[in-house]
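Have a look at the structure below before the remarks.
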Amino acid sequence: MKPEDLNTPHKPTWCPGCGNYAIWVALKNAVAKLELDPSRVVISYGIGCSGNENNFVGTYAFHSLHGRPVPPANGIKMVNHELTVIAVSGDGDAYGEGGNHFIHACRGNHDITYLVHNNEMYSLTTGQASPTSQKGMPSKSTPEGVLERPLNPIALALTAEATFVARGFSGKEEHLTDLMVKAIQHKGFSLVDILQPCVTFNKLNTFPYFYERVYDLQKEGYQPNDKEKAFKKAQEWGERIPIGIFYQEKRPAYHSELFSIKEKPLVRQSLAGIDITKSMRELV
Amino acid sequence: MKQNSISINNLNWKIAGEAGYGIKASGLMFAKACARGGLQIFDYSEYPSLIRGGHNTYQVNVSEEEVFSPQSEVNLLVALNQDTIDFHKDELSNQAGVIYEQEDKKIEITSLKKNNCQLFPVPLSRLAKENGGKEIMRNSVALGASFALLNYDFKYLQSVIQDSFQKKGKEVIDLNVKIAEAGFNYVSQNFDVAKYPYQLKHLKSSPRMVLTGNEAIALGAIQAGCKFISAYPMTPATPILHYLASQQKNHNLIVKQTEDEISAITMAIGANYAGVRAMTCTSGGGFSLMVEGLGLAGMTETPLVIAEVQRPGPATGLPTWTEQADLRFLIHAAQGEFPRIIIAPGDVEESFYATQSAFNLAEKYQLPVFILSDKFLAESNKSQEFFDPKIIKIERGALLTNTQLQKMRKYRRYAFAKSGISPRSIPGQKGGIFNANSDEHDQFGYSSEDAENRARMMEKRLGKLDQVALEIPDPILYGPAKADLTLIAWGSTKGPIIEAMKLFEKNRIRVNFLHVMYVYPFPAEKVKEVIRKAKKMVLIENNATAQLGSLIREFTGIEIDRKLLKFSGRPFYPSEIYQYLTDNFKK
Ligand SMILES: Cc1ncc(C[n+]2csc(CCOP(=O)(O)OP(=O)(O)O)c2C)c(N)n1
Ligand code: SF4
Ligand SMILES: [Mg+2]
């Protein structure tokens, strides 16, 4: 399979130069590289410029609500764990509106891959501050600058017990593809927080801004097997910004501990011959 | 009741005391012991929203014929504390019995002496302790004492105790039986039981379940092939989650407690989209959070069953009490216009079959279906014949097979079918790839803002409701075709009304009753027909604003101005309905 096979009749509607393009390409590359059958891949999208990708990738798609791509993805995985399940979000989706789902998906270790297009901005709604916007950054809703400190998705995922925590950059497409491949292969919850310049609304976190700062953790010999070290690395944001895998751990995925699907996925279990007689007798 | 006359198998027993002392468990054992002797029961419990302290009550209405509601007059009261006497003395019938703690010097019974009732002081705690138990087991003493007084064979209680404590082993069983027996023997030996005029006598019958509306919904879901439930705890819907969790190994279910209700509903939608039958359950407060998810199911045309078990609102409201005030909310919940079905069963049996139907309707029409219950129906136990699983068969609606999909050149999930129902594929199926899109979409599911497409999609979705209206059962008219008074109600008020009708019949007043179970789409034709024939109509609802009344006005143009509305958090008692109607509508 070629990545282009995953195209749909609809071409992306993002602004020219938007960071979403490279993420889209990396996703198709990763699915192609893993030779996944598109009819056995489900992608659950949030609402935003990022979520609009639902029209441009030819797998099964579930375009959910703002902030809600994760719970349906978890549900889909639980009832048919033979599918590859991916969730796609913006930073507003993932860390604002859907923050609660994010935390609990991490600790649940649901076997889904969470790709967060983090442009430090609410872009589809034309440029308000997001949970990851830098303190002091002016936006339409914060003309005097954001007062809060930005949320740290990597550190949050680590505290919430995620088993695969990574950061990518849409300016490093090949590296990003590789991260996505590893995240999809990981058995359990995998976060890939993706630095995605929004060329229209975010005048601070631009492509040059990131090109100057990002470096590949793995190229510097960083081993992603120590949570304490990962925490430390997660604090690094300034002159240098690390990308790559911060942390990975082997832990049984949520569905693998469900007794009801030990033999086969729930969706393939027959509904013939359901017998509630014993249950009714217990109520006598 | 006249002096010396004996009332057999017509009893209202009540136990009450402080919360946290096992009143609920004892009440259920009493109910089951009656049912195992072939008697019919309906029980009802009241409890505050706290774990310890506060006042708990549990009453069991026992009869030879099927009973559908509690009654207000108490014939035998087990008073575990002074509050019980103070709160319930006015409910006591003539010759009622009161069992209370003999050795509690603080218990003040002078108020009871006036009431012509019979007092049965029993050393409840002492008997429990003397027989090797703890003080909290005095409830078991009281159960034994009750049945001795009622002249009812001890073996039924014994068998219930055996089953209830089965998991705890023989020692615990024997101890509890011994303690109950001590209560039984104490009363037999110390009182002239024959002087107490209420008795129970076992009858021959096939075994009956004792179960709540919530359990009936859960059983209905299992029988309907529901394999996945995601929910967040909220009284009074939580027992559905509990019961399904207790049954997950028997029926291979996935039961997921989620981080919040938004997750619960959207996860259940995901599960349905992926091809299994899935549901969620909550009360009004939780459903408030689910509202956006409801619209998601509507827009993506994903089947979904939601059990909404009402309690009085707004906000936290009265967590452990009852009300029927979410009907309008459910009809209008979520932005935009899309179809939904609302079924409000009136009793335990209807709760089971309605839930089965809900799953069929949800898949056939690819839309959300509500089972709308309330605390009163959902938490009251009723004796019930076994359900017949064969009556309603699983019908999964238009699901495409792999071969059908392979024959299609280009599958359109949201094809403009005449019926509005476009066949579904499920993820994993080759050739079935589509976009389940919360944005307005074209026939493939791709986002579309085209005006003509939008209008056609709206017609496709909303048109389904017209067909639903043709298929769903009409409201049922109970009682004679011709009557002087016609009552109309929906959902759980059915129980007390059916019981009130027994009182009308006894007093030769001709009353009939139209029960609306399939509330939405609204069965306007049938309702109109009954109203036209009625001499006098009275609307009965457990809410303040007459929500069914407003629907009748909306869909038939008829205003029913005689209304009996109750919104104190308490259900109706049959006697209350009877009294109100006879007082207000005398010829
Ligand atoms: C419940 C709800 N609230 C608000 C919105 C409006 N809305 C759409 S996208 C969005 C934020 C988008 O930001 P993000 O998730 O970061 O995605 P981006 O557009 O930046 O990719 C908001 C607030 C909505 N669609 N639904
Ligand atoms: S607004 Fe920003 S995020 Fe959205 S498409 Fe344009 S550049 Fe991309
Ligand atoms: Mg964003």
When the charge dipole of segment B:211-384 is computed with +1 on Lys and Arg Cβ and -1 on Asp and Glu Cβ about the Cα centre, the Cα farthest towards its positive end, among B:Thr238, B:Thr316, B:Cys226, belongs to B:Cys226
Relative contact order (percent) for chain B, with alpha-carbon contacts under 8 angstrom and 6 or more residues of separation?
12 percent
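Quick check for me: using +1 on Lys/Arg Cβ and -1 on Asp/Glu Cβ, what's the dipole size of the protein assembly as shown about its Cα centre, in debye to the nearest 20?
Values: 99 positive and 93 negative charges, 323 e Å.
The calculated dipole for the protein assembly as shown is roughly 1540 debye.
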Whole-Å semi-axes of the protein assembly as shown's equivalent ellipsoid (Cα gyration tensor)
57, 32, 24
Heavy-atom accessible area per residue - segment B:7-207, 1.4 Å, Å²:
42 Å²
Relative contact order, percent, segment B:281-351 [alpha-carbon distance under 8 Å, six or more residues apart]:
33 percent
Acute angle (nearest 10 degrees) that the helix B:284-300 long axis makes with the longest principal axis of chain B, alpha-carbon atoms:
30 degrees
Residues of chain A: accessible area per residue with a 1.4 Å probe, Å²:
40 Å²
With unit charges on the beta carbon (Lys/Arg positive, Asp/Glu negative), name the residue among B:Ala415, B:Val369, B:Ala436 whose Cα is farthest towards the positive pole of the charge dipole of segment B:328-462.
B:Ala415
Residue-normalised accessible area of segment B:317-468, expressed per residue, 1.4 Å probe, Å²
39 Å²
Give me the inter-chain shielding for B:383-390: mean count of other chain Cβ atoms within 10 Å, whole number please.
2
Taking a ≥ b ≥ c as the square roots of the Cα gyration tensor eigenvalues, with a/c under 1.5 meaning rounded and otherwise prolate when a/b beats b/c or oblate if not, segment B:475-587 comes out oblate
If you place +1 on the Cβ of every Lys and Arg, -1 on the Cβ of every Asp and Glu, and leave all else neutral, what size is the dipole of segment B:192-303 about its Cα centre, to the nearest 20 Debye?
740 debye
More than 33 angstrom apart: percent of Cα pairs within chain B
48 percent
Pair A:Ala272, B:Ile8: separation of 7 Å Cα→Cβ label points (nm)
5.1 nm
Residues of segment B:175-223 buried by at least 50 Å² on assembly (accessible area, 1.4 Å probe, chain alone as reference)
B:Gln223
List of segment B:271-315 residues, accessible area with partners at least 20 Å² below that of the chain alone (1.4 Å probe)
B:Tyr273, B:Ala274, B:Val276, B:Glu292, B:Leu296
Report, to the nearest whole %, how much of the accessible area of the protein assembly as shown belongs to carbon and sulfur atoms, 1.4 Å probe, protein only.
51 percent
Angle check, please: helix B:261-273 long axis (alpha carbons) against the longest principal axis of chain B (alpha carbons), in degrees 0 to 90, nearest 10.
60 degrees
Which percentage, to the nearest 5, of the DSSP beta bridges contained in chain B is antiparallel?
35 percent
For segment A:103-251, averaging the sequence separation of alpha carbon pairs under 8 Å that lie six or more residues apart and dividing by its residue count, the contact order in percent is 28 percent
List the residues whose amide H sits under 5 Å from the amide H of B:Gln310, counting only those 5 or more places along or on another chain, with H placed 1.01 Å from N in the peptide plane.
B:Ser373, B:Asp374, B:Lys375
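Checking an interface number: how much accessible area is buried between B and A, summed over both chains, with a 1.4 Å probe, in Å² rounded to 100?
Result for this pair: about 4900 Å² buried.
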Taking every residue in A:145-158, how many Cβ atoms of other protein chains lie within 10 Å of its Cβ, on average?
0
For segment B:136-150, in residue order, the Karplus 3J(HN,Hα) values (coefficients 6.51, -1.76, 1.60; θ = phi - 60°; whole Hz; Gly and Pro = x) are 4, 7, 4, 4, 5, 4, 5, 5, x, 4, 4, 5, 4, 5, 8
What shape does segment A:3-254 have by the C-alpha gyration tensor, where a ≥ b ≥ c are the square roots of the eigenvalues, rounded means a/c under 1.5, and otherwise prolate means a/b greater than b/c and oblate the rest?
rounded
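Can you classify segment B:88-153 as rounded, prolate or oblate using the Cα gyration tensor, where a ≥ b ≥ c are the square roots of its eigenvalues, rounded means a/c under 1.5, and otherwise it's prolate if a/b beats b/c and oblate if not?
oblate
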Taking the Cα centre of segment B:398-472 as origin and charging only Cβ (+1 Lys, Arg; -1 Asp, Glu), how large is the dipole, in debye to the nearest 20?
480 debye
Report the net charge of residues surrounding A:Leu271, where surrounding means a beta-carbon distance below 14 angstrom and charges are Lys +1, Arg +1, Asp -1, Glu -1.
+3
Note: B:421-433 gets an average of partner chain Cβ contacts (10 Å, Cβ to Cβ) equal to 4
Would you work out which of B:Leu143, B:Phe68, B:Gly133 lies farthest towards the positive end of the dipole of segment B:62-145, given +1 charges on the beta-carbon of Lys and Arg and -1 on that of Asp and Glu, about the Cα centre?
B:Gly133
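The values are calculated or read from the model by the stated rules, or taken from the named source; none is laboratory data. Every value quoted in this text rests on a predicted model; they were computed, and no experiment measured them. Glycine also receives a Cβ, built like all others from the backbone with ideal geometry; neighbour counts cover every protein chain displayed. Heads up: the accessible areas ignore ligands, DNA and RNA and are worked out on the full protein's heavy atoms, side chains in. Shrake-Rupley method; radii C 1.70, N 1.55, O 1.52, S 1.80 Å.
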